[in-house]
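Taking it in order: structure first as structure tokens, then the write-up.
Bear in mind these aren't lab numbers, they're just calculated from the coordinates by the rules spelled out. Not measured: the values here are computed from a predicted model. As a convention, Cβ positions derive from the backbone with ideal geometry for all residues, glycine included, and neighbour counts pool all protein chains shown.
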Amino acid sequence: MPTDCIPYKETNYFTDLILDYLSEKEELKAFYNRFPKLENFKAQMEEKSSFPRKNREILVKVLKEQYSGLDTSEATRKNIEALGRTKTFTVVTGHQLNLFTGPLYFLYKIVSTINLTRNLKKKYPENDFVPVYWMATEDHDFEEINFFNLNGKKFQWANAPRDAGNAAVGKLSTAGLKDVFKLFSAEIGGGKNSDFLRELFKSSYLEHDNLTEATLHLANKLFREEGLVILDAQQKELKELFIPYAKNELLKQISHKTTKTTAEKLNQLGYKVQVNPREINLFYLKNGLRERILERDDEYFVHETEIHWSRADIQKELMNFPERFSPNVVLRPLYQEVILPNLCYIGGGGELAYWLELKEYFESEQVVFPVLLLRNSVLIQSKKLEKKCARLNISKKELFLKQHELINRKVRQISNIDIDFSRQKEHLVQQFQQMYELAEHTDKSFLGAVKAQEVKQLKGLDNLEKRLLKAQKRKLEDEVNRIAELQNELFPNKSLQERQTNFSEIYAEYGKELFTVLLKELNPLEADFKILTFGKE
């Protein structure tokens, strides 16, 4: 399996915040606990060893109940049992309940998580490490999850449930997905790999009642042999463990006070703030409703409803029905670390950006802040496309350029005339320097006129260069089209493949090899963008 990689900073797809985090920039060290290096996990384990035994017992009980009706592998059963022991820790990734996994990076998140647990086991054999996929069952961003892309086509959950958009997506009925299955089944074609995908969709979405059950079945089917543990945290017994923190949120609004300060510090350092916290970062869940909780003059309200409580009554509601209180993006990380013996969270750039706002909040609640690790990023290409790149003399780094930049660069390289007027511009600037000196010694009022003339002539050279480049593009139309077609195939919608393409497109061609290669090649501790080439010579 040919593999290659390029540094994240050369892809032009990652923010300064993430690039600076990866380079361990000094100014950012105050915003996280430990950098993700194998040797740093020893101290992380020591700090997390205070995780309560009671929480472990409840976690194992809930997981056994969730897996009771599932075809569970021996590896997953052992991992669930291991979570009851004090020397067992988790590595977690979280993801929305995207239809049929959504974009490819769903796989990369989970593979990164599995592989880190394996690395940790080699380094610390006396401990056990369990990969966990946290299902975002309480999200309500239906428009973000109701489709996937296959072969350049969008397969969308069109006849969605009536409460979609307001309810927690995990409870949404899958009854309306038969039409999507018919379209997908026709598109995916024939063959053993396509038959597997067809059956996977059918058994996940047409044989389970809601999106949580469907996603649990799907993820388990794909990763059961790797011992992946999948968690739906929307459970009363788990929420009971979070009651003290939810109470602090309602009465003291600690998350808002601490994360607002941290966000301001990040902003002062020149970074874009990922999440702006609300005063109360809890939603209320009941009968298909998921809406924000607001506070005004010691009275609590559910946004756009008639539901309201006094200060005393909302505390009673929390004690009696903790499952009705749903943490948003700011509180969910704390909830995760309260109910899991977790060492590390693995996520994409956007996720790590909001985690970096939370360290002070964790400290104020006396909860151990996890190690933060950027998931692996991957570009998958066929051997055929690799050969096309070679014929067109396109390097790995050039592949990641904006398309107009790539085409302009290649046109300049393959043209039999020089389209770079840099030397002429330098010569012109030197000539005008002499004119500036002349004006300086004669009449300084001419300096403005000289400057205007310089700008005019430089602009003229720019226009000539652009016109010549445009003419060469027409002359080299065939080469330009081939370059554009190649990049469009690898970067659909002019975006990273991993953010657009569904895994079924790759699996239909390569089958189980896709998972075998990812598990072999992705090392989450290597901070490079991977390029994997599939297929025979």
As I understand it, the value is the acute angle between the Cα axis of helix 192-201 and the longest principal axis of the Cα atoms of the chain; what does it come to in degrees, rounded to 10? 60
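Assuming 0.36 nm per residue, please report the length gained on full extension of the stretch ALA158 to ASN12 beyond their Cα-Cα distance. Don't jump to the answer; show the numbers that get you there.
Working: separation 146, 0.36 × 146 = 52.56 nm, distance 3.42 nm.
Gain in length upon complete extension: 49.1 nm.
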Got a sec? How would PHE432, PHE529 order by Cβ neighbour count within 10 Å, fewest to most? PHE432, PHE529
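Want the number for GLU144 to ALA449: 0.36 nm per residue separation, take away the alpha-carbon distance, what's left? Kindly include the intermediate steps, with their values, before the conclusion.
Working: separation 305, 0.36 × 305 = 109.80 nm, distance 5.59 nm.
Result: 104.2 nm gained on full extension.
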Select from GLY191, GLN156, PHE242 the residue farthest towards the positive end of the dipole of region 141-242; place +1 on Cβ of Lys and Arg, -1 on Cβ of Asp and Glu, and compute about the Cα centre. GLY191
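Ordered by packing density, taken as the mean number of other Cβ atoms within 10 Å over each peptide's residues, highest first, how do 506-512, 111-117, 41-47, 344-350 rank? Before the final figure, lay out the partial values.
On the way: 506-512: 17.7, 111-117: 25.6, 41-47: 15.6, 344-350: 21.6.
Listed from highest to lowest mean packing, they are 111-117, 344-350, 506-512, 41-47.
Placing unit charges on C-beta atoms (Lys and Arg positive, Asp and Glu negative, everything else neutral), compute the dipole magnitude of region 282-328 about its Cα centre in debye, rounded to 20. All intermediate terms of the calculation are to be shown ahead of the outcome.
Numbers: 7 positive and 10 negative charges, 44 e Å.
The dipole magnitude comes to about 220 debye.
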Ordered by residue, what ³J(HN,Hα) values in Hz, to whole numbers, does region 110-127 give under the Karplus form 6.51 cos²θ - 1.76 cosθ + 1.60, where θ = phi - 60° and Gly and Pro are x? 6, 5, 4, 5, 4, 5, 5, 4, 5, 4, 5, 5, 5, 6, 10, x, 6, 10
Which value, to two decimals, describes the C-alpha radius of gyration of the chain once divided by 2.2 N^0.38 Å? 1.15
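Expected output is a single nm value to one decimal: the length gained when fully extending between LEU19 and GLU57, i.e. 0.36 nm times separation in residues minus the C-alpha distance. What is it? Intermediate values should be presented prior to the final figure.
On the way: separation 38, 0.36 × 38 = 13.68 nm, distance 3.92 nm.
Separation in residues times 0.36 nm, less the Cα-Cα distance, equals 9.8 nm.
Quick check on the exposure proxy: order ILE314, ILE254 from fewest to most C-beta atoms within 10 angstrom.
Result, fewest neighbours first: ILE254, ILE314.
Which whole-number percent is the relative contact order of the chain (Cα, under 8 Å, 6+ apart)? Please report the intermediate quantities before stating the final value.
Working: 782 pairs, mean separation 128.5, N = 537.
Averaging sequence separation for qualifying contacts and normalising by length gives 24 percent for the chain.
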Assuming R0 = 22 Å, what is the FRET efficiency of LEU183 and SER203, from their Cβ-Cβ distance, to the nearest 0.05? 0.80
Could you let me know the centre-to-centre spacing of region 18-79 and region 138-182, using Cα atoms, in angstrom? 30
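May I ask you to derive the FRET efficiency for GLU295 and GLU26 from their Cβ-Cβ distance with R0 = 51 Å, giving the value to the nearest 0.05? Intermediate results must be reported in sequence, preceding the final value.
Details: r = 39 Å, r/R0 = 0.76.
Taking R0 as 51 Å, the efficiency between GLU295 and GLU26 is 0.85.
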How much mean residue ellipticity at 222 nm does the chain get from its helices, if each DSSP H run of length 4 or more adds -39500 (n - 2.57) and you divide by all residues, to the nearest 500 deg cm²/dmol? -14500 deg cm²/dmol
Assertion target for THR258, THR215, THR516, ordered by fewest C-beta neighbours within 10 angstrom first, is THR516, THR258, THR215
May I have the extent of the alpha carbons of region 227-333 along their three principal axes, as whole Å values ordered from largest to smallest? 49, 44, 24
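Taking 56 Å as R0, compute the FRET efficiency from the Cβ-Cβ separation of LYS397 and THR86 and round it to 0.05. Could the numbers behind the result be given before it?
Values: r = 47 Å, r/R0 = 0.84.
Calculated value: 0.75.
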Spacing of the two label points (7 Å from each Cα toward its C-beta) at ASP528 and LYS64, in nm: 4.6
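Hey, what's the Kirkwood Rh for region 1-99 if you take every pair of different alpha carbons, in angstrom?
On the way: mean 1/r = 0.0571 Å⁻¹.
Computed over Cα pairs of region 1-99, the Kirkwood hydrodynamic radius comes out at 17.5 Å.
For region 324-384, report the translational diffusion coefficient in µm²/s to the nearest whole number, using Stokes-Einstein at 10 °C, 1.306 mPa s, and a Kirkwood Rh over Cα pairs.
Working: Rh = 13.2 Å.
D = 121 µm²/s.
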